[in-house]
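Please treat every number below as a calculation from the coordinates, not as lab data. All of these numbers come straight from a predicted model, not from anything done at the bench. Note that we place each Cβ from the backbone using ideal geometry, even for glycine, and neighbour counts take in every protein chain shown.
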Amino acid sequence: MQPIDLQPMSHNRLDFGPTGSLPWPMEPGLSPPMRRLSTTQIGALGEAIISVGLMHASQGRLSPFKPLADDHGTDLLLFDKDTQRAFPLQIKCRTGFDDQAAQTVQFDVRLKMYVEEGDGFILAALLDQTQVHTAWLFSAREWKSLARLTPDKGVIVPSAKPTARDKFQPYRHTDLATVAQRIVQTGAQSEPAPRE
């Protein structure tokens, strides 16, 4: 039997600098194409970041589930293992300020996707890459009274500035630990929905 001569593979050096390795061939001197995340991608990233963050922040007490169909804007169901109750969560995510000086961010909720009754929450989150920079948590019952209503949507424009004293300041969170704590506390204080 003839011995097989194995040749070592040549490896291209990977660049893990600010731009990382590029999956497309580049000619010398050309810049990579500028890409932006789509709103769908931002939403999917936000849901993943928030799911993992709330599960970790609550030390596993809140267990997130993704509904098969997101009727009424339910992006996640948060199951509280201690109380055996589930809370619908609608998530709105952005990745930048609309007004840099005021550090404001606009979040829109379509009214046909909004359910006021029940123990649901709306979480508006400003993302910083794969982390939550600032979040605003509202119960579904209180959100509508804070939003500016148009015929088809409700709009909130909170400021992420730590010194901002707008009407959204009481709902502002700088980490998911306090978001998880508020969801658990609110759930413990509310009465379970009557069974039919």
*If you take the square roots of the eigenvalues of the alpha-carbon gyration tensor of region 82-165 and sort them as a ≥ b ≥ c, do you get rounded (a/c under 1.5), prolate (a/b over b/c) or oblate?*
oblate
_Alpha-carbon radius of gyration plus Dmax, which is the widest Cα pair, for region 41-128 in Å_ = 13.8, 44
*May I ask which of Lys92/Lys161; Lys112/Lys167; Lys112/Lys161; Lys66/Lys167; Lys66/Lys153 have a Cα-Cα span longer than 29 Å here?*
Lys112/Lys161; Lys66/Lys167
*Could you tell me what percent of the DSSP beta bridges with both partners in region 42-196 are antiparallel, to the nearest 5?*
80
_For region 68-163, which GluC sites (Glu not before Pro) pass both filters: DSSP loop (anything but H, G, I, E, B) and at most 13 other C-beta atoms within 10 Å?_
Glu116, Glu117
*asked:* Run through region 62-106 and list the trypsin sites (Lys or Arg not before Pro) located in a DSSP loop whose Cβ has at most 12 other Cβ atoms within 10 Å.
replied: Lys81
*Which order results if Val52, Val184 are arranged by neighbouring Cβ count within 10 Å, fewest first?*
Val52, Val184
*Going by how many other beta carbons lie within 10 Å of each one, how would you line up Ile156, Ile91, fewest first?*
Ile91, Ile156
*asked:* Sort 122-130, 173-181 by packing, meaning the average of other beta carbons within 10 Å per residue, with the highest value first.
replied: 122-130, 173-181
